[in-house]
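Have a look at the structure below, then the notes.
Just so it is clear, none of the values below were taken in a lab; they were calculated from the coordinates. Remember, predicted model here, so these are calculated numbers, not experimental data. Please note: Cβ atoms are built from the backbone with ideal geometry, for glycine as well, and neighbour counts cover all protein chains shown.
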């Protein structure tokens, strides 16, 4: 969507760094101990979660609508010597991940409800989906932002047919702030698949595919 891309591009070009800093505390809590494989980071922004996944040994597809953010994320990856990340410029209203490709799918601070089904399909049997974003709470003027915020209990309903390892709706400390979040870690039913599909990317890069 051109308007959304322009909005995010303007923010990054102005020097804003939304949701930057350390990787999600939810990801840092639930990833260690897993055997690695392929990972998908949706709406990667400046790449904090993608970089963490790569350091943990994953081959990562990191997707975002803003080329300016991806260039900075790729620069950080090169500086850290991480070459297993494929930076993809993609409009998430159109870009689609391959089905049953990923051992871990991360969706942090991004909400499009039409993507729930697509994200679930991208996870391998036995794989994890780690999802968190803002919870729908009243603003100072009494309004709510339901379209871009989760309803209480929404993630449990969406993933009710999966093994829910952790779920919380409420205040969480993230990056030094207290935020009202909906969070879930859910495992897709089925035995883990052995091996990955396709070859690992050779170098970190931003896809040149036009949206």
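Quick look at the values:
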| item | result |
| --- | --- |
| Reference-scaled alpha-carbon Rg (2.2 N^0.38 Å with N residues) for segment 27-95 | 1.05 |
| Order by protection proxy (mean Cβ within 10 Å, highest first), peptides 93-106, 41-54 | 41-54, 93-106 |
| Fraction of the pair-distance distribution of segment 47-134 above 20 Å, Cα-Cα pairs, percent | 34 percent |
